[in-house]
Amino acid sequence: MKRANSLKEAAPKAKGTVFTLNSPKAKKVSVAGDFNNWDTKSCTAKKDAKGCWVVKADIKPGRYEYKFFVDGSWMNDPLSASVFNIYGSLNSVVEVK
C-alpha cells in the first residue's frame, strides 16, 4: 500500500487549458464550448483580488469554439480569435495541443 501511494504522488498532474477574463464587476463567470457541450455550469471561474476570472479545464488536443458566460450573458474572449457560428454570431477559438 505504501508503494501505491508513492506511485500516485509521483504521477504528473493533469495539464489543463487556462481561460482568463478581466471583468472586475462580474458576479459569476464560466466558460462553455465544444469541449463541454456548451454547459455553462461545468467550468466555473474564480475571481482573484484584481478582478480577473480564471478557470482551468482539462481538454483533449484539438480546435474548439467557446464563449464566456458572464452574469447570464454570452461574451467572447477579447484575447482570442473569433469565427462565425451557425447562428451568425461569433465564437472564440482555442487550439489545444
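The values are calculated or read from the model by the stated rules, or taken from the named source; none is laboratory data. Note that the structure is a prediction, hence the values are computed from the model and not measured. Cβ coordinates were reconstructed from backbone atoms using ideal geometry, including for glycine residues, and neighbour counts include every protein chain displayed.
At a glance:
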{"quantity": "Residue check for T40: closer than 23 Å to Y87 by Cβ, in contact with a Ser or Thr (Cβ under 7 Å, 6 or more places away or on another chain) and surrounded by 12 or more Cβ atoms within 10 Å (Cβ to Cβ)", "calculated": "yes"}
{"quantity": "Condition check for Y64: among the aromatic types (F, W, Y) and touching a Phe, Trp or Tyr at 6+ places or on another chain (Cβ under 7 Å)", "calculated": "yes"}
{"quantity": "Test: V70 is buried (at least 17 other Cβ atoms within 10 Å of the Cβ), of a type in the set (A, V, I, L, M, F, W, C) and either in contact (Cβ under 8 Å) with a residue 12 or more places away in the chain or in contact with a Ser or Thr (Cβ under 7 Å, 6 or more places away or on another chain) (or both)", "calculated": "yes"}
{"quantity": "Qualifying residue in the range 75-97 (condition: modelled with pLDDT of 95 or more, assigned to a strand (DSSP E or B), exposed (fewer than 12 other Cβ atoms within 10 Å of the Cβ) and over 16 Å from the mean Cα position of the chain (by Cα))", "calculated": "yes"}
